[in-house]
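The values are calculated or read from the model by the stated rules, or taken from the named source; none is laboratory data. Bear in mind that the values here come from a model prediction, so they are computed numbers and not experimental data. Cβ placement follows ideal geometry from the backbone for every residue including glycine, while neighbour counts extend to all protein chains displayed. Keep in mind that these areas ignore ligands, DNA and RNA; they rest on the heavy atoms of the full protein, side chains included. Shrake-Rupley method; radii C 1.70, N 1.55, O 1.52, S 1.80 Å.
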Amino acid sequence: MKKLTTILLVLLFVQCTNTTAPKKLGPTPSPRQLAWQEIEFYAFIHFSMNTFTDDEWGYGDKNPSLFNPTDLDCRQWARVCKEAGMKGIILTAKHHDGFCLWPTKTTDYSVKESPWKNGQGDLVKELREACDEYGLKLGIYLSPWDRNNKTYGTPEYLDIFRAQLRELLTQYGDVFEVWFDGANGGDGYYGGARESRKIDRKTYYDWENTYKIVRELQPNACLFSDAGPDVRWVGTEEGFANKTNWSTLRRDEVWPGWDRYVELRSGHEDGDYWVPAEVNTSIRPGWFYHEREDHQVKTLPHLMDTYYHSIGRNGTFLLNLPVDRRGQIHAIDEKRLIALGKQIKEDFQDEVTKTVKNISASNTRGQSDTFGTQGLLDKDMNTYWATDDDVTSASFTMNFEQPITFNRVLLQENIQLGQRVQKFSVAIWKDNQWKEVAKETTIGYKRILRVPNTTTNKVRISILKAKGAITISKAALFLAPALLVEPRMHRTQDGLFYIIAPDQESEIYYTLNGKNPMDNPIKYTAPFTLDHKAQVNAIIKDPKSGKYSPVTSKYFDIPATDWKVVGTSTSNFEKMVNGQDHNIGMIEDNKKGMVIDLGKVYTIDGFRYLPVQNRWSMNFIKRYAFYVSMNGRSWGKPVLQGSFDNIRNNPILQSKVGANKKGRYIKFIPLETTDKQNKASIAEFNILTK
Ligand code: FUL
């Protein structure tokens, strides 16, 4: 009897103290989803017929003879991606135009009919080999929509599509992700029919059975589409997930082409399937290579933002590299991508929490060491801090011997048990009290917060609300260096001059006399008035390391403060002189052009015209005439006349000088524009004086 009582007491104790792991809560990731999530950062490559025809969505009617990379090198792709810290590459094996990059048996519209390697090439095979050499995973993009195939829209096409899928999933080894795009149906070549074909996106592809092919042939591959089933689109191609990002989704409501796609940015808190978000975006405005975008490769700060808005918000980061006509990643993109990889590494090099003295918690599951706070420090998801089942809000405090400085907070949940945290905050001990530095919502697989440099000897993470017992597998603080890139600068119409650094910690120095800002620096603290001409040089200093960025140097002529546009043939003139590249002003009638009263007489040397930088811009100026007048009535002959060559392909800043004429008025006439409309678009317009 005594023995039985003891056993019962022990059993009761075990139950009360919860030394067993929390039960799974809601949907949880499958092993393939978990493996995918840990890949985090990987490349998309858009390369196909479109690369050679300068298209984004090929119509499907281009001759295969156009596909002819001069120096295709998949090993270069793999080397660059590897060096940037990426773990895999997803290739557009077939985009919407139907051109296949492997010698498929299903259609003649493929590399087989192209001059590349005399039709003997197989790009998917070459990439497979390069990925193997560099230890990268391979993923396949196969567009369901096929604007070349004459059977598209009939049941016959489904057989062709599935046969293509079978070829790709049986001939090229292990595939980690299969990518099905949501764009489906519309106009196309369709074997010469040249018509518009509509399909029912929900039923046409019989997705359930199409997915089965992937499961059968590549059981470890994750299936991507707007609706998953394994990985969902994030509902934007701009490169972010929402701050609140659930890996759960009411998947049965979603289908490829779903009109409520904005919800995909956050997922569904009450979702009944595990369908985490993948953030896909391109390093340039377009997905395919266009020479005109060579100067629009995203900046390092922009790409770092995307990193923090994807991986830092419980997503993965799929970054597209548009391979050029040689068949290689362009030198500018290569340099930027490698800089990105290096910066990501540096941001997480200084793990401040390595010096933590101890971590105390307001609750620990069963008061057991198994679920203690030491589990927060390592990278192993299987060691984690957990609370008792009935404790859905709790905190832990990291105590340090010496004050530490941090600016990144990284948290991870043990998602094998489900995503639970709904609200959390970060506080530091300062002046004998707790001071909140951040208040956020979800964590999920990984959440990274960027905060200003913060110094303290105690940091408290409070989980304010969770769906069940809390299970945190990692908590770390880092001190990232300042982002040492050239500062940006601009002047507004009223002459206010701004210099902008990518982060708050950086110090900015400048000179207005063309001298090196390291020699005779002025510290920039706030916008100032620059009412005269100046060659401005600026630099960023990281106060922590004492290191400097490269110098930015930009010439600013007279400000537009007193300028007035004359007549009515110009709209949004203020946007042409506000220093912002992405706002557009228009000349509404090219024959009348744009007339500006500069407010006083100058000796005018010429002008600068920045074409619009937005992705689908129109009405660039190809040929122009430029006049100067004292009174705005008699103009005489143009003082400058000429062309802006290759403007559509290469819309960079254009400067024209040599006028050398005194006057108070100028007239700028677009003689020819890129589109057949009687108007011209302008992002920025400046006058150059002597
Ligand atoms: C989009 C496609 O239509 C684009 O061309 C590109 O492939 C992108 C990744 O997905 O929806």
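Going through region 137-148 one residue at a time, which ones are more than 16 Å from the ligand (Cβ to nearest atom) and touching a residue at least 60 places away in the same chain (Cβ under 8 Å)?
Listed by number, the list holds a single entry, K137.
Under 30 Å from Q76 (Cα atoms), free of Cβ contacts under 8 Å to residues at least 60 places away in the same chain and not in a strand (DSSP E or B), is that true of K345?
Criteria not met by K345.
Just name the residue that is nearest to G327 (Cα to Cα) out of those in region 96-113 that are open to solvent by 50 Å² or more (accessible area, probe 1.4 Å) and either among the basic types (K, R) or within 16 Å of the ligand (Cβ to nearest atom) (or both).
K112
Looking at region 401-418, can you tell me whether even one residue there is within 21 Å of K243 (Cα to Cα), basic (K, R) and open to solvent by 10 Å² or more (accessible area, probe 1.4 Å)?
Yes; the residues of region 401-418 include at least one that is within 21 Å of K243 (Cα to Cα), basic (K, R) and open to solvent by 10 Å² or more (accessible area, probe 1.4 Å).
Among the residues of region 169-221, what is the count of those that are outside any loop (DSSP other than H, G, I, E, B), within 16 Å of the ligand (Cβ to nearest atom) and either at pLDDT 95 or above or open to solvent by 40 Å² or more (accessible area, probe 1.4 Å) (or both)?
Final tally of qualifying residues: 5.
Across region 634-672, which residue is modelled with the highest pLDDT among those that are among the β-branched types (V, I, T) and closer than 25 Å to F288 by Cα?
I647
In region 138-153, which residues are in contact with a Lys or Arg (Cβ under 6 Å, 6 or more places away or on another chain) and either closer than 13 Å to Y42 by Cα or open to solvent by 10 Å² or more (accessible area, probe 1.4 Å) (or both)?
Matches in region 138-153: L138, G153.
Would you check if D71 is touching a residue at least 60 places away in the same chain (Cβ under 8 Å), away from the ligand (no atom under 16 Å from the Cβ) and surrounded by fewer than 21 Cβ atoms within 10 Å (Cβ to Cβ)?
It is true that D71 is touching a residue at least 60 places away in the same chain (Cβ under 8 Å), away from the ligand (no atom under 16 Å from the Cβ) and surrounded by fewer than 21 Cβ atoms within 10 Å (Cβ to Cβ).
For Y548, only one of the following conditions fails: (1) touching a residue at least 40 places away in the same chain (Cβ under 8 Å); (2) farther than 29 Å from V451 by Cβ; (3) touching a Lys or Arg at 6+ places or on another chain (Cβ under 7 Å). What is its number?
So the condition that Y548 fails would be (2).
Return the total of residues in region 594-613 being out of contact with any strand residue (DSSP E or B) (no Cβ under 7 Å at 6 or more places or on another chain) and of a type in the set (D, E).
Residues in region 594-613 being out of contact with any strand residue (DSSP E or B) (no Cβ under 7 Å at 6 or more places or on another chain) and of a type in the set (D, E): 0 in total.
From the list R284, R336, exactly one residue is under 14 Å from the mean Cα position of the chain (by Cα), part of a helix (DSSP H, G or I) and touching a residue at least 40 places away in the same chain (Cβ under 8 Å). Which is it?
R336
Taking W563 as meeting all but one of (1) in contact (Cβ under 8 Å) with a residue 24 or more places away in the chain; (2) in contact with a Gly (Cβ under 7 Å, 6 or more places away or on another chain); (3) open to solvent by 60 Å² or more (accessible area, probe 1.4 Å), write down the number of the exception.
It is condition (3) that W563 fails.
Considering only residues that are touching a Ser or Thr at 6+ places or on another chain (Cβ under 7 Å) and farther than 19 Å from A476 by Cβ, look in region 365-386 and name the one that is most open to solvent (accessible area, probe 1.4 Å).
It comes out as Q367.
Could you count how many residues in region 237-285 are open to solvent by 10 Å² or more (accessible area, probe 1.4 Å), touching a strand residue (DSSP E or B) at 6+ places or on another chain (Cβ under 8 Å), within 16 Å of the ligand (Cβ to nearest atom) and within 30 Å of A339 (Cα to Cα)?
Total satisfying the criteria: 4.
Among the residues of region 366-396, which ones are outside any helix (DSSP H, G or I), over 16 Å from E351 (Cβ atoms) and among the hydrophobic types (A, V, I, L, M, F, W, C)?
Answer for region 366-396, where residues must be outside any helix (DSSP H, G or I), over 16 Å from E351 (Cβ atoms) and among the hydrophobic types (A, V, I, L, M, F, W, C): M381, W385, A386, V391, A394, F396.
Test each condition in (1) outside any loop (DSSP other than H, G, I, E, B); (2) farther than 22 Å from Q343 by Cα for A538 and report the one that comes out false.
It fails just one condition, (2).
Do we have any residue at all in region 156-168 that's of a type in the set (F, W, Y), away from the ligand (no atom under 15 Å from the Cβ) and touching a helix residue (DSSP H, G or I) at 6+ places or on another chain (Cβ under 7 Å)?
Checked region 156-168: no residue is of a type in the set (F, W, Y), away from the ligand (no atom under 15 Å from the Cβ) and touching a helix residue (DSSP H, G or I) at 6+ places or on another chain (Cβ under 7 Å).
Just a yes or no: is a residue in region 423-432 acidic (D, E), modelled with pLDDT under 95 and surrounded by fewer than 22 Cβ atoms within 10 Å (Cβ to Cβ)?
no
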